[in-house]
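Data block below; observations after.
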Amino acid sequence: MGVANFLGDLKVLYTAATTKPPSSDTVGSLPLLVQQHATRSPDGMALLYEDEKVTWQQLNDRANRVAAALTEGGVEKGDCVSLLMQNRIEFVACMLGIHKVGAIAGMINTNLTKKTLVHCINLIESKKCIFGEELVEPLKEVTDQLDLKDGEDYLFVSDGTSNTPPNWAINLNVNDTSNQTENPPAVDSLTMGDIALYIFTSGTTGLPKAAIVSNKRILPTSGMSADMLLRIDSSDRMYNCLPLYHGTGLMVGLGAAFHVGASTVIRRRLSVSAFWEDIRKYNCTSFVYIGEFVRYLMSRPPQKNDAHNPVRTIVGNGLRPDIWLAFKQRFDIERIGEFYGASEGNGGFANVFNKDCTVGLGIAPVKLARYDVARDELIKDSEGFCSEVEDGDPGLLLIQITETSKFEGYTSDDASQKKIIKDAFEPGDMYFDSGDLMKTVDVGFAFYRKHYQFVDRVGDTFRWKSENVSTNEVGELINSFSDVVFTNVYGVEIPGTDGRAGMAAIVLREGLNLSNLDLQSLTDHIVDCIPPYARPIFIRVLNELPTTTTHKLRKNDLRDHAFHLDHVQDDLLVMKPGASCYTRLDSDFYDQIMQRSVAF
């Protein structure tokens, strides 16, 4: 361990031991950070996007214009404004502008369409909707189902090709330099306890839920990412191609740069072929990741200059042990700040000491409880209490709810209560059910030998393409196809990929089978109703849907059989990469999948 790293570890230990959580009435927010940087370093570089560069002063001015437009439109503190826009500088300006007036930014997933899009915008009782030109079409399809007024509540932000909004929207020009505005006074009174964001999570059942995210979660998370995981300062430059409507890209990535005044390079989406070229072009010293795109980077043929890049430190989640060391060595990465957390969670883990293949130490009191995966339930003792697993064994992660690790929950109280386990280990205690299996690993590090490692998700949610997929929601959408009677959706492992890919077992209406099913119509229905990350890659056509004696859908055997031809006698379909219709899974393509020569 180098001297600098050792001193950094000592500083982290001291900070952790002496820092008290901020009180709810302490003033603090992301827009206040931006205003402070605009005052101290107005010409410092805040954001870079393609060929555009924006200073802290310019970013603050743009956010002020958004705030002024919202105020003029009647938006007040506590109102919600939906934000539907892809990664670009205007997204950041709009998010900050919403919060500058004390409103809550509803971070809408840009992949959503139709029923799910309507649900999310209406669920959070949006007073306005700011949307990008690039997403006019999916929004236009559902305006008649939203609780918003045409020509008044939709604010259009150009994507560079048109400054003319549709006739049901108002133009919001964040780049109009002739319209200079002052910092809204509301920013000076925004506190840590104020709600800043609604970030959507699929949860375990049903349609997406809106997790409540206060400044008390955003700022400490951003500070931990910058100071403890990345250990960056204002001289660093971060590369961020993760969706900013998610917590990782926004709080762990962009927020970390805001925390120390570092600049951020924003890319609309990941491009594996352009990734390292961009890193070198913009001289980025850090980036924020998810494990899946690290695997994509590793899948490209090695280059002689792989290790010749300016990146020193990275932060993210989902980097699996099977590629961790190879990635670190190939690209000469000094520090990997792997973390674990959830948008709605009340705690998590952080690899602050740069130990390999671990999510590090808990930042809230946690226990790993014995769990029966097959039955999908906690194992209780004779008195009805949970019990902890032995070191090294997987258990369900439960995070204790305390004064310093509060569970902010969802906008739905019923949904919030379903995530709380009361009287878990003793009478009167309360724990947040993470829905994830974890285990401890011994890293042989002084007093902090016991670190944690993610194992898998349990229940009815699986993770694919960096998104949590609700099996019930996908199943209901497939069931709405007239020729499908029942659907059972589950996640299956594909060699060489992270997470679990979607697979659906379906039962067709009487008289139908694969020979007379209109596959193109079924495909079109799935593509039309379901976001790309949630669409099943495999479909199994069953004669009847297996259920338990209590009529619950039985998934264990289906998961175990997956798409393996030697275990499944039913017809199997696959959506091949780039294809426009499901086709029968044959042995040749199956062998390609198992040999890891197919990139899903």
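Read-outs throughout are calculated quantities, based only on the coordinates presented, and are distinct from any laboratory measurement. All figures in this text were calculated on a predicted structure; none of them were measured in a lab. Note: ideal-geometry Cβ built from the backbone for every residue, glycine included; neighbour counts use all protein chains shown.
Can you give the extra length, in nm with one decimal, that the chain gains between MET298 and ASP586 once fully stretched, where that is 0.36 nm per residue apart less the Cα-Cα distance?
Full extension from MET298 to ASP586 adds 100.9 nm.
Through the Karplus equation 6.51 cos²θ - 1.76 cosθ + 1.60, θ set to phi - 60°, convert the phi angles of region 92-109 into ³J(HN,Hα) values in whole Hz; use x for Gly and Pro.
3J(HN,Hα) across region 92-109, in whole Hz: 5, 4, 5, 4, 5, x, 4, 6, 4, 9, x, 7, 9, 8, x, 7, 8, 4.
Rank-order 234-247, 70-83 by packing density, defined as the average count of other C-beta atoms within 10 Å over each peptide's residues, highest first.
Working: 234-247: 22.5, 70-83: 18.5.
Going from most to least packed, we get 234-247, 70-83.
Order of ARG370, ARG500 from fewest to most other C-beta atoms within 10 Å?
With the fewest neighbours first, ARG370, ARG500 line up as ARG370, ARG500.
Tell me whether region 306-437 comes out rounded, prolate or oblate; compute the Cα gyration tensor, take square roots of the eigenvalues as a ≥ b ≥ c, and use a/c under 1.5 as the rounded threshold.
Prolate shape, in that a/c is at least 1.5 and a/b is the bigger ratio.
What is the sum of charges around SER521, taking Lys and Arg as +1, Asp and Glu as -1, for the other residues whose C-beta is under 11 Å from the C-beta of SER521?
-4
Give the calculated FRET efficiency between GLU277 and THR164 to the nearest 0.05, with a Förster radius of 41 Å applied to their Cβ-Cβ distance.
Step by step, r from the Cβ atoms, then E = 0.75.
Under a cut-off of 22 Å between alpha-carbon atoms, report the lysines in cross-link reach of LYS380, not counting same-chain residues fewer than 8 places apart.
List returned: LYS367, LYS418, LYS419, LYS422, LYS439, LYS552.
How far apart, in nm, are two points set 7 Å out from the Cα along the Cα-to-Cβ line at GLU50 and at SER234?
3.0 nm
Efficiency by 1/(1 + (r/R0)^6): what FRET value for LYS576 and THR39, r their Cβ-Cβ distance, R0 = 41 Å, to the nearest 0.05?
That gives a FRET efficiency of 0.15.
Answer rounded, prolate or oblate for region 304-366, using the Cα gyration tensor with square roots of eigenvalues a ≥ b ≥ c: rounded when a/c is under 1.5, else prolate when a/b is larger than b/c, else oblate.
Prolate, because a/c is 1.5 or more and a/b exceeds b/c.
Report the gain in length on full extension from ASP442 to GLN520: 0.36 nm times residue separation, minus Cα-Cα distance, nm rounded to one decimal.
Length gained between ASP442 and GLN520: 22.9 nm.
Could I have the simple spin-label model distance between VAL527 and ARG320, label points 7 Å from Cα toward Cβ, reported in nm to one decimal?
The modelled label-to-label distance comes out at 2.8 nm.
Let me know the Rg and Dmax you get for region 51-190 when you use only its Cα atoms, in Å.
Expressed in Å, the Cα Rg and Dmax of region 51-190 come to 14.1, 40.
With n ≥ 4 as the cut-off for DSSP H runs, can you work out [θ] at 222 nm for the chain, using -39500 (n - 2.57) per run divided by the number of residues, rounded to the nearest 500?
Here the helix-only value at 222 nm equals -7500 deg cm²/dmol.
Can you compute the FRET efficiency between PHE425 and ASP391 using 1/(1 + (r/R0)^6), with r the Cβ-Cβ distance and R0 = 25 Å? Round to the nearest 0.05.
Given R0 = 25 Å and the Cβ-Cβ separation, E is 0.90.
Summing +1 for each Lys or Arg and -1 for each Asp or Glu, what net charge is found among the other residues whose Cβ lies under 12 Å from the Cβ of HIS567?
Spelling it out: positives minus negatives among the neighbours equals -2.
Full-extension gain between GLN145 and ASN305, please, as 0.36 nm times their residue separation minus the C-alpha to C-alpha distance.
Fully extending the segment from GLN145 to ASN305 adds 52.3 nm.
Would you please classify the overall shape of region 462-594 from the alpha carbon gyration tensor, given that a ≥ b ≥ c denote the square roots of the eigenvalues, rounded means a/c under 1.5, and beyond that prolate means a/b larger than b/c while oblate covers the rest?
Verdict is rounded for region 462-594.
Over the alpha carbons of the chain, what is the largest minus smallest coordinate on each principal axis, giving the biggest first in Å?
The Cα atoms of the chain stretch 69, 64, 59 Å along their principal axes.
Label points 7 Å out from Cα along the Cβ direction at ASP414 and ASP376: separation in nm?
Label-label distance for ASP414 and ASP376, simple model: 1.9 nm.
Please enumerate, by chain and number, the lysines with C-alpha under 20 Å from the C-alpha of LYS140, excluding those fewer than 8 residues away in the same chain.
Correct list for LYS140: LYS114, LYS115, LYS127, LYS128, LYS149.
Sorted from largest to smallest, which semi-axis lengths in Å does the alpha carbon gyration tensor of region 248-335 give for its equivalent ellipsoid, taking the root of 5 times each eigenvalue? Write down the numbers at each step before the final one.
On the way: eigenvalues 82, 45, 31 Å².
Calculated on Cα positions only, the semi-axes equal 20, 15, 12 Å.
Show me 387-398, 578-589 ranked by packing, highest mean number of other Cβ atoms within 10 Å first.
387-398, 578-589
Arrange SER29, SER23, SER263 by Cβ neighbour counts within 10 Å, fewest through most, would you?
Ordered by Cβ neighbours within 10 Å, fewest first: SER23, SER263, SER29.
Can you sort THR113, THR161 by how many other beta carbons sit within 10 Å, fewest first?
Final ranking by Cβ density, sparse to dense: THR161, THR113.
LYS450: which aspartates and glutamates have alpha carbons under 18 Å from its alpha carbon, excluding same-chain residues fewer than 8 sequence positions away?
Answer for LYS450, where 18 Å is the Cα cut-off: ASP9, GLU338, ASP356, GLU388, GLU390, ASP391, ASP393, ASP442, listed by chain and number.
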